[in-house]
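Visitor: Okay, here's the structure, questions in a sec.
No value in this document is a laboratory result; all are computed from the given coordinates. These numbers come from a predicted model, not from an experiment. Cβ: placed from backbone, ideal geometry, glycine included. Neighbour counts: every protein chain shown.
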């Protein structure tokens, strides 16, 4: 019998995350939970890795809200506020919320340490729109 209360759980091993998802230059996204991997309807979850002294392309995630948890490193999240470029400096254990359609980029200023974050989005697949600038 399969109903809302009797569905199976899915286990995604950390070593099995796939990179076959939307990407931005300067970072590597790996997918764990998605419509493709577990048939989720409203959720995408995965990781982003940014190498030392690297910045991602400017981008946004369309209609999707994005929640970010910093696992390691000290990534900076750059966006425009009232036409002025702002930086959120983070450390492991911090969370960042990115509203829908907000252009931003991730930067890893460390000379030696990779920055790793866990991402959750409110869409089934990873929406990534790469941009020339933060002005959109």
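Visitor: For a test of the definition: using alpha carbon positions, the gyration tensor, and the 1.5 limit on a/c, classify the range 64-125 as rounded, prolate or oblate. Kindly include the intermediate steps, with their values, before the conclusion.
Guide: Numbers: a/c = 2.22, a/b = 1.16, b/c = 1.91.
The shape class here is oblate.
Visitor: Could I ask something else about it? Any idea how far apart residue 82 and residue 22 come out in nm if each label point goes 7 Å out from Cα toward Cβ?
Guide: The modelled label-to-label distance comes out at 3.0 nm.
Visitor: May I pose another question? One quarter of the convex hull surface, Cα atoms only: what value does that give for the chain in nm²?
Guide: Numbers: hull surface 35.9 nm².
Dividing the Cα hull surface by four gives the mean projection, 9.0 nm².
Visitor: Moving on to the next point. For the range 1-58, what does the alpha-carbon gyration tensor say about shape, rounded, prolate or oblate, given a ≥ b ≥ c as the root eigenvalues, a/c under 1.5 as rounded, and a/b over b/c as prolate? Present the calculation step by step, with values, prior to reporting the outcome.
Guide: On the way: a/c = 3.99, a/b = 2.63, b/c = 1.52.
Prolate is the answer for the range 1-58, as a/c is 1.5 or above and a/b outweighs b/c.
Visitor: Find how many whole Å separate the alpha carbon centroid of the range 68-136 from the alpha carbon centroid of the range 7-39.
Guide: 18
Visitor: Moving on. For the range 32-109, just say rounded, prolate or oblate: build the C-alpha gyration tensor, square-root its eigenvalues into a ≥ b ≥ c, call rounded for a/c under 1.5, and beyond that prolate if a/b exceeds b/c, oblate if not.
Guide: Working: a/c = 2.07, a/b = 1.37, b/c = 1.52.
Since a/c reaches 1.5 but b/c is at least a/b, the shape of the range 32-109 is classed as oblate.
Visitor: Given the -39500 (n - 2.57) contribution per DSSP H run of 4+ residues, what per-residue ellipticity at 222 nm results for the chain, rounded to the nearest 500 deg cm²/dmol? Don't skip to the end; give the middle numbers.
Guide: Working: 1 runs with 4 residues, N = 136.
Taking each H run of at least 4 residues, the total per residue is -500 deg cm²/dmol.
Visitor: OK, next. Along the Cα-to-C-beta direction of residue 130, a point sits 7 Å from the Cα; which residues of the range 51-92 have their amide N less than 14 Å from that point?
Guide: Residues passing the 14 Å test: 55-60.
Visitor: Which whole-number percentage describes the relative contact order of the range 10-136, with Cα contacts under 8 Å and a sequence gap of 6 or more? Write down the numbers at each step before the final one.
Guide: Working: 335 pairs, mean separation 42.4, N = 127.
That works out to 33 percent.
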